[in-house]
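The values are calculated or read from the model by the stated rules, or taken from the named source; none is laboratory data. Please read these numbers as outputs of a predicted model, since none were measured by experiment. Cβ placement follows ideal geometry from the backbone for every residue including glycine, while neighbour counts extend to all protein chains displayed.
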Amino acid sequence: MIDIFGILGIIIATIFLLIVLLLIITIILISYSAKTKKVFFPRFIIFVLDLLYHPLKILTEKIGLKKGYIDIISNDMRNFIHYKKLTKIPFEDRILLLPQCLRKINCPSILDSAKGFQCTKCGKCGIGDLISFCEERNIKVFIVPGGSFVKKVIKLARPKAIIGVGCHVELREASLVLDYLKIPGRGINLEIDGCIETKVDYEKIKKALIIPED
Ligand code: SF4
């Protein structure tokens, strides 16, 4: 008679061992990439991080790693993969998405239901300067009031590449949408996240925006 429980036990043990093996390989690849500053098998790393996203998030937080560690690694890997594709996209086909929380609390911009917050370049935050930088290069900028607005912008602007700023969770969610739409992108993490007056490295955004055209 077939021992169903025995077979089930073997299957579960095999799956468990496979997961452990995948994790060990991924940890080695991430550590080696961090040490040598060269990225090895980024698609494999993303595959494992996506597959084991929730347990890995809990595990990394339990062992005291930085909050959002998995999202940050995942974003770095996607940025690496998309770099080459981004160089093929002319500046005028790239758009920049900024979260509205980057604005100052007394920001005078008005929300346009189709275009997002309309910056008046009042100088209270770095967004005005950044918009001027983009205007010189024909890159459209949207200050988005929320996640659902991003879909609207993509429909309206039909970008061929997106550079986006956000917290690690937002960047991961956006990267999944971009993967689905097959639009190359580059995510830039906020230096200080939250709901108001968040902070970002504006130079990092500028560098990402002008990744040279091939
Ligand atoms: S520079 Fe633009 S986004 Fe920043 S506070 Fe002024 S109007 Fe608002």
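Below, the figures for the structure above:
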| quantity | calculated |
| --- | --- |
| Where a residue in segment 112-137 is among the charged types (D, E, K, R) and its partner, wherever it lies, is more than 9 Å from the ligand (Cβ to nearest atom) and not in a helix (DSSP H, G or I), with Cβ under 8 Å and at least six apart | 115/142; 137/210 |
| Count of segment 171-205 residues which are surrounded by fewer than 17 Cβ atoms within 10 Å (Cβ to Cβ) and either assigned by TED's automatic domain parsing to the domain that holds residue 69 or closer than 15 Å to residue 69 by Cα (or both) | 3 |
| Residue check for residue 98: outside any loop (DSSP other than H, G, I, E, B), of a type in the set (A, V, I, L, M, F, W, C) and within 16 Å of the ligand (Cβ to nearest atom) | yes |
| Candidate set from segment 130-145 (those that are closer than 15 Å to residue 197 by Cα and more than 8 Å from the ligand (Cβ to nearest atom)); member that is modelled with the lowest pLDDT | 145 |
| Filter result (outside any loop (DSSP other than H, G, I, E, B), hydrophobic (A, V, I, L, M, F, W, C) and within 9 Å of the ligand (Cβ to nearest atom)) within segment 103-129 | 117, 127 |
| Pair list, Cβ < 6 Å and 6+ apart or interchain, from segment 1-25 residues that are closer than 18 Å to residue 52 by Cα to residues that are surrounded by 10 or more Cβ atoms within 10 Å (Cβ to Cβ) | 22/48 |
| Unique residue being assigned by TED's automatic domain parsing to the domain that holds residue 129, under 29 Å from residue 201 (Cβ atoms) and free of Cβ contacts under 8 Å to residues at least 40 places away in the same chain when the list is 101, 107 | 107 |
| Segment 134-170: number of residues that are basic (Lys, Arg), part of a loop (DSSP other than H, G, I, E, B) and loosely packed, with under 13 Cβ neighbours inside 10 Å | 1 |
| Hey, residue 74 of a type in the set (Gly, Ala, Ser) and closer than 30 Å to residue 151 by Cα or not | yes |
| Positions within segment 96-125 being of a type in the set (Gly, Ala, Ser) and either more than 21 Å from residue 178 (Cβ to Cβ) or surrounded by fewer than 13 Cβ atoms within 10 Å (Cβ to Cβ) (or both), in sequence order | 109, 113, 114, 123 |
| Single residue of 137, 186, 94 found to be out of contact with any Lys or Arg (no Cβ under 8 Å at 6 or more places or on another chain) and closer than 27 Å to residue 50 by Cβ | 186 |
